[in-house]
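A short reminder: the numbers here are calculations on the coordinates, not readings from a lab. As the structure is a prediction and not an experimental result, all values here were calculated from the model. Here Cβ is always computed from backbone atoms with ideal geometry, including for glycine, and neighbour counts include all displayed protein chains.
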């Protein structure tokens, strides 16, 4: 069974490939392998809307089972921001560093006990001609006062995970791929993919 990962973010592709590697019956493809697929502009007001839009478009154009994911960082002291605009927090073409700089500047006067935050990941799988399947993963933590660690990407250097005392950027990749918001959402996605594989086997 072929599955198209509906993203051009190489960091996300790398993590998703690693998390899904145990599903040996599934051939993972990327949008770069389809010249007819255009970049999808994220116009949704929620993570769900964006993920559904990307998955539906990719499935329709490619004619294949497609998976899209959208993630947001929700900071309590900022009223849930940056949320759906996490990748564009400092501007439409902002870098990871610029987004972190803006976040840390806004959080300068926030006390340690008030720096609670969470990563929320929404994964959507669309089988051409079928309704979208949605699953969500949440990882709780807090925003640090400064960057810590050299791994990961995005806001990983300033997000300390509850119960671990490490930011995602300080954490071993194998551990992150077991406990992260993306890992939790993809765990639910795997259940649906196994169901689809079973349906294929039963029809043979």
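For segment 21-178, what relative contact order do you get, as a whole percent, if you take Cα pairs closer than 8 Å and at least 6 residues apart? The partial results should precede the final answer.
Working: 256 pairs, mean separation 28.8, N = 158.
Worked out over segment 21-178, it gives 18 percent.
Which whole number in µm²/s is D for segment 49-136 by Stokes-Einstein, with the Kirkwood Rh taken over Cα pairs at 25 °C and 0.890 mPa s? Can you show the working numbers first?
Numbers: Rh = 14.5 Å.
The Stokes-Einstein estimate is 169 µm²/s.
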Nearest 10 degrees is fine. How inclined is helix 10-19 to the longest principal axis of the chain, computing both from alpha carbons?
70 degrees
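What's the extension gain from residue 105 to residue 174 if we count 0.36 nm per residue and subtract their Cα-Cα distance?
Numbers: separation 69, 0.36 × 69 = 24.84 nm, distance 3.09 nm.
Extending this stretch completely gives an extra 21.8 nm.
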Taking the structure as given and computing Cα extents along the principal axes in Å, which label from (1) 61, 32, 25; (2) 65, 40, 26; (3) 43, 40, 33 fits?
(1)
Given 117-128, 101-112, 153-164, 186-197, the highest-first ranking by average Cβ count within 10 Å works out to 117-128, 153-164, 186-197, 101-112
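Run the numbers for residue 97 and residue 9: contour at 0.36 nm per residue of separation, minus the present Cα-Cα distance, in nm. Numbers along the way, then the final one.
Details: separation 88, 0.36 × 88 = 31.68 nm, distance 1.59 nm.
Stretched out fully, the residue 97 to residue 9 stretch lengthens by 30.1 nm.
What number, rounded to the nearest 500 deg cm²/dmol, is the helix-based mean residue ellipticity at 222 nm of the chain, given -39500 (n - 2.57) per DSSP H run of at least four residues and division by all its residues?
Numbers: 5 runs with 67 residues, N = 204.
Computed ellipticity for the chain at 222 nm equals -10500 deg cm²/dmol.
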Using only the alpha-carbon atoms, how far is helix 181-203 inclined from the longest principal axis of the chain? Give it as 0 to 90 degrees, nearest 10.
10 degrees
Gap separating the Cα centres of segment 162-185 and segment 43-72, nearest whole Å:
24 Å
To the nearest 10 degrees, the tilt of helix 96-106 (Cα long axis) against the first principal axis of the alpha carbons of the chain is 40 degrees
Could you sort the peptides 13-21, 31-39 by per-residue average Cβ neighbour count (10 Å cutoff), highest mean leading?
13-21, 31-39
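Starting with the fewest neighbours, write out 56, 139 ranked by other beta-carbon atoms found within 10 Å of each beta-carbon. List each step's numbers first, then the result.
Details: 56 19, 139 22.
The most exposed by this proxy come first: 56, 139.
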